[in-house]
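**Student:** One structure, pasted below without further comment.
The values are calculated or read from the model by the stated rules, or taken from the named source; none is laboratory data. Quick caveat: nothing in here was measured; it's all calculated off a predicted structure. Heads up, the Cβs are rebuilt from the backbone with ideal geometry, glycines too, and the neighbour counts pull from every protein chain shown. With ligands, DNA and RNA removed, areas are computed over all heavy atoms of the protein, side chains included. Shrake-Rupley method; radii C 1.70, N 1.55, O 1.52, S 1.80 Å.
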Amino acid sequence: MAIPVLRNWSVGELVTASMMNNYVRDVGDFWLDVPWVHMDNSANVSHTTSGSYQLLTFNTTLRDTDNMHPGSGGVFTVATTGIYQVHAEVMFAANLTGCRGLSVDRTRSGVSTTGWCRSGACSSYADDIATVDSVAFETSCQIDRMMSLLAGDELRFYGYQNSGGALNMLGSGTTNYYTQASIRWLGQL
Amino acid sequence: MATIPSPKNWASGDEVTASQFNTDIRDGFGFLKHRPMALVYDSAGETVTFSASAPYGAVVYSWDTLEFDNDGIWSSGANTRLTCRTTGIYEITSHVEWTGYSNANAGNRYLFVTKNNAGSNTLGTSADIALDQQYVKISDSSYPQSTHVCMLASLTSGDYIETVIVNTKTTALTTIAGYSNHFSMCFVGSS
């Protein structure tokens, strides 16, 4: 998405309709629809291997103003350079054992760097109440981070669990609390 | 310090000038495009040792590396702080990951955000504006443990915020070095 140019107006120039559209209307429209993607998955996805990271995948587009996600899979590609607010949440099915985690990785020019923000782990395992009542609750992990991103950068989100077996990551069609991710342009430096 | 735009209330008969367009349109949108924001992280990590008496070994976190800053919010000479230069409402995020530790009685982790606390690690005062407490109860070193705060706060130019962390495990614990541990603030609106 083109970031609008802010015109330096000069004394004596004739203000045309084109100028008003380019430098007033389009700038206002940009702020109403900044580069912004918000995805979730309508279905549960099994996190199959305990003790490993698994890529979160998404199949439902809640908002995508800049073609950052193809509608399926787990790769987000930035189309417009800028500072972004990155948010993600993974909701694991109820289970009494082990840790839960969530991590975001960035790939730039083919080079992946991991763990830009990690949440959860041993503080976010099966709910405290569970250990008292032997009743398990769903467990969520969330991340929030501003990131400086270039057009072409890719983001991937990974869930982690070591419950000892497979564990579902919950989808929006099955619970009010579900796995989702959003990336929203905040501005430039 | 950035200048928050004050949009003109246009009146009938006003002669539109270049100066007005520059002030009300160019600079107004320009402020949004370049809103005050900064993010710093910790390239070295911290070692936090619990003490049984107050302030319990609390550490005022040092953020030694700048990722971005467009309003003079951070300086290397006062690297525990993010200082507000433009009065407004800010989204503040503080995130600290701790080394995973395998111990059945591994203690708690705390992350406080304080405001105008002069670098003090004394906690439980009116300077505390946010807290995340994580109760660690299981033995597992497979994954770093995180403490995290994301909040809105009204800040006046000159106000500063700091992060203070506490570990109640009875031996020292380290935080993870690198860009994952970060401290940021971003202007979201006028107060």
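**Student:** From the protein chains alone at 1.4 Å, what is the descending order of accessible area for B:Arg35, A:Arg25, B:Arg85, A:Arg108, largest first? Can you show the working numbers first?
**Tutor:** Working: B:Arg35 35, A:Arg25 120, B:Arg85 90, A:Arg108 65 Å².
If we order B:Arg35, A:Arg25, B:Arg85, A:Arg108 from most to least accessible, we get A:Arg25, B:Arg85, A:Arg108, B:Arg35.
**Student:** Write down Rg/Rh for the range B:57-103, rounded to two decimals, with Rg from the C-alpha atoms and Rh from the Kirkwood relation over Cα pairs. Can you show the working numbers first?
**Tutor:** Numbers: Rg = 13.9 Å, Rh = 13.1 Å.
Across the range B:57-103, the Cα-based Rg/Rh ratio is 1.06.
**Student:** If you don't mind, another one. With each label point set 7 Å from Cα along the Cα-Cβ vector, what nm distance links B:Asp128 and A:Ala2?
**Tutor:** 5.3
**Student:** Treating only the Cβ atoms of Lys and Arg (+1) and Asp and Glu (-1) as charged, compute the dipole magnitude of the protein assembly as shown about its Cα centre; round to the nearest 20 debye. Don't jump to the answer; show the numbers that get you there.
**Tutor:** Values: 20 positive and 33 negative charges, 67 e Å.
Dipole size: approximately 320 debye.
**Student:** For the protein assembly as shown, give the percent of accessible area contributed by carbon and sulfur heavy atoms, probe 1.4 Å, rounded to a whole number.
**Tutor:** On the way: 7870 of 15760 Å².
The value for the protein assembly as shown is 50 percent carbon and sulfur by accessible area.
**Student:** Ignoring everything but the protein chains, give the 1.4 Å probe accessible area of A:Ser172 in square angstrom, nearest 10.
**Tutor:** 40
**Student:** Quick one: which bits of the range B:10-33 get at least 20 Å² less accessible when the partner protein chains are in, versus the chain alone, with a 1.4 Å probe?
**Tutor:** Residues shielded by partner chains are B:Ala18, B:Phe21, B:Asn22, B:Ile25, B:Arg26, B:Phe29, B:Leu32, B:Lys33.
**Student:** Over chain B, one equal point on each Cα, no solvent: what is log10 I(q)/I(0) by the Debye formula at q = 0.11, 0.13, 0.19 Å⁻¹?
**Tutor:** -0.55, -0.70, -1.23
**Student:** D for the range B:3-43, whole µm²/s, Stokes-Einstein with Kirkwood Rh over alpha-carbon pairs at 20 °C and 1.002 mPa s: what number?
**Tutor:** Estimated diffusion coefficient is 174 µm²/s.
**Student:** Same structure, new question: Rounded to two decimal places and with Rh computed the Kirkwood way over Cα pairs, what is Rg over Rh for the range B:1-75?
**Tutor:** Values: Rg = 22.3 Å, Rh = 16.6 Å.
Answer for the range B:1-75: 1.34.
**Student:** Provide the buried accessible surface between chains B and A in square angstrom, both chains summed, 1.4 Å probe, rounded to the nearest 100. Please list the in-between numbers first.
**Tutor:** On the way: alone 9800 and 9710 Å², together 15760 Å².
For B against A, buried area totals roughly 3800 Å².
**Student:** Want the number for B:Ala54 to B:Gln20: 0.36 nm per residue separation, take away the alpha-carbon distance, what's left? Intermediate values should be presented prior to the final figure.
**Tutor:** Details: separation 34, 0.36 × 34 = 12.24 nm, distance 5.69 nm.
Contour length minus the Cα-Cα distance gives 6.6 nm.
**Student:** Next question, about the same structure. Mind putting together the pair-distance distribution for the protein assembly as shown? All Cα pairs, 20 Å bins, whole percent per bin, short to long.
**Tutor:** 26, 53, 18, 2
**Student:** Convert 4 °C to kelvin, take the viscosity as 1.567 mPa s, use the Kirkwood radius over C-alpha pairs of chain A as Rh, and evaluate the Stokes-Einstein diffusion coefficient in µm²/s, rounded to a whole number. Kindly include the intermediate steps, with their values, before the conclusion.
**Tutor:** Numbers: Rh = 18.2 Å.
Translational D for this selection: 71 µm²/s.
**Student:** Which residue fluctuates the most in chain B, going by a Gaussian network model with Cα springs under 10 Å, if the choices are B:Ile73, B:Ile25, B:Ile176?
**Tutor:** B:Ile25
**Student:** Between A:Thr57, A:Thr174, A:Thr16, find the one with the highest GNM mean-square fluctuation for chain A; connect C-alpha pairs within less than 10 Å.
**Tutor:** Judging by the Gaussian network model, the answer is A:Thr16.
**Student:** Express the Stokes-Einstein translational diffusion coefficient of the range A:7-119 in µm² s⁻¹, to the nearest whole number, given a Kirkwood radius over alpha-carbon pairs, 20 °C and a viscosity of 1.002 mPa s. Working shown, then result.
**Tutor:** Details: Rh = 17.7 Å.
Result for D is 121 µm²/s.
**Student:** Sticking with this structure for a sec: When the scattering of the range B:24-125 is computed by the Debye formula from its Cα atoms alone, each counted once and equally, what is log10 I(q)/I(0) at q = 0.19 Å⁻¹?
**Tutor:** Log-scaled intensity ratios, in q order: -1.08.
**Student:** I've got another one for you. What accessible area per residue comes out for the protein assembly as shown, rounded to a whole number of Å², with a 1.4 Å probe?
**Tutor:** Values: 15760 Å² over 380 residues.
On a per-residue basis, the protein assembly as shown sits at 41 Å².
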